[in-house]
Amino acid sequence: MDTNNFKSPKNNALALMFLPCAVYYFIFDYIPMGGLMIAFKDYSIRDGILGSPWVGFQHFETLFSGSEFLLVIKNTLFISIIKIILGFFAPVVFALLLNEIRIGFLRKGFQSLSLLPYLFSWVILASIFRLIFSNSGPANEIISWIGVDKPINWLSDDFWFIVVIISTDIWKGIGIGAIIYMASISAIPIELYKAAKIDGANRFQQIFYITLPQLKPTMITLLILSMGGFLSAGFDQIYNMYNPLVYDVADIIDTYVLRMLTNLNFEIATAAGMFKSVVAVILIMTSNSISKRLTQGQQGLY
């Protein structure tokens, strides 16, 4: 390796451009990691993190011995798995449908409209959805037109609340996911489709034998990236939409940690957050290892 390349003016300029980003992550991400010691200490605000006595894994034992945290883990896994499965395939299907629209302005119009929800925060969207899915909201008005007399308690019934958060989460993220897949589709050589047409392949066969295999690296990469937030289960969405009536199905790790911090139980909150981070790292490394095997020896993301 030629070490002189690292001393070139071009690389120096790139290093200077990256410096603010590195400083930002060092200050706001790496330095706060010292606070993880709270999970192993009998933390006292008066004594501080360094002055508080060590208690080992006592807080982790308390955390996992309680039934509340086990319920929280179950809810987090249930919501995350459904979101991963449905939210992973929905953008792929939507991108394939967009690609089949031959009228350019219609394709761009649908693509832009699908991206619009992604630009709004869950604070705004949750307020809108609470109005839509209220007992007298448009959702119950629509189902009354098809003969359902009794209104559905969308946001206070366990089953329907899960349906609402899953469907709204897919609706919000389907546009940005489709854009990524559309970019990958546009990079597929047109000669492959021409050759398939000569061999008599119809549109469905072209999608199945050309488009989907070419999208495989992008799909694997996005799946690996989504593993990092697997245990988040959409905190912003759930926190802004849930209520005490659905705590038994909607209380996830992040809302549990927030509740512990509100109750000044810093040790348990830190232990729960640390558990979530460790599991996220394991999931990322595992999914990356699996991706290497699926791509038959090609190098993974990391």
How would you rank SER232, SER144, SER134, SER65, going from fewest to most other Cβ atoms within 10 Å of each one's own Cβ? SER65, SER144, SER134, SER232
With the Cα gyration tensor of region 206-266 giving a ≥ b ≥ c as the square roots of its eigenvalues, does the rule (a/c under 1.5 for rounded; else a/b larger than b/c for prolate; else oblate) give rounded, prolate or oblate? prolate
Neighbour-count ranking [beta-carbon atoms within 10 angstrom, fewest first] of ASP251, ASP199: ASP199, ASP251
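Report the gain in length on full extension from GLN214 to GLU61: 0.36 nm times residue separation, minus Cα-Cα distance, nm rounded to one decimal.
Here the segment from GLN214 to GLU61 would lengthen by 50.4 nm.
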Sparse-neighbourhood loop hits (trypsin sites (Lys or Arg not before Pro), region 58-114; DSSP loop; Cβ within 10 Å at most 13 others) -> ARG102
Where chymotrypsin sites (Phe, Trp or Tyr not before Pro) fall in DSSP loop in region 45-137, at most 15 other Cβ within 10 Å: PHE57, PHE120
Mean separation of Cα contacts under 8 Å (at least 6 apart) over the residue count of the chain, i.e. the relative contact order in percent, is 25 percent
FRET efficiency (LYS197, PHE110; Cβ distance; R0 22 Å; to 0.05) is 0.30
Between the alpha carbon centres of region 251-276 and region 132-205 the gap in Å comes to 33 Å
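Tell me, MET182, MET285 in order of fewest to most beta-carbon neighbours within 10 Å?
Taking fewest neighbouring Cβ atoms as first place, the list is MET285, MET182.
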Using the Kyte-Doolittle scale, find the helices of the chain whose mean hydropathy is at least 1.0 and whose Cα atoms extend 15 Å or more along the helix's long axis, counting only whole DSSP H runs. 67-99, 158-186, 212-227, 266-294
Which entry in (1) 20.8; (2) 19.5; (3) 23.2 is this structure's computed Kirkwood radius over Cα pairs in Å? (3)
Extension gain (nm, one decimal) between GLU100 and SER289, 0.36 nm per residue minus Cα-Cα: 64.7 nm
In region 204-302, which trypsin sites (Lys or Arg not before Pro) are in a loop and have at most 14 other Cβ atoms within 10 Å, using DSSP for the loop call? none
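With a/c under 1.5 counting as rounded, go ahead and sort region 135-242 into rounded, prolate or oblate using the C-alpha gyration tensor (a ≥ b ≥ c being the square roots of the eigenvalues; past the cut-off, prolate if a/b is larger than b/c, else oblate).
It is oblate, given that a/c is not under 1.5 and a/b is not larger than b/c.
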Helix-only mean residue ellipticity at 222 nm for the chain, each DSSP H run of n ≥ 4 adding -39500 (n - 2.57), per residue, nearest 500: -21000 deg cm²/dmol
For the chain, the count of lysine pairs 8 or more apart or interchain whose alpha-carbon atoms are under 29 Å apart comes to 23
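Where a number appears in this text, it was derived from the coordinates with a stated rule and is not lab data. Small disclaimer: the values here were computed from a predicted structure and weren't measured. All Cβ positions, even for glycine, are placed from backbone atoms using ideal geometry, and neighbour counts span all protein chains on display.
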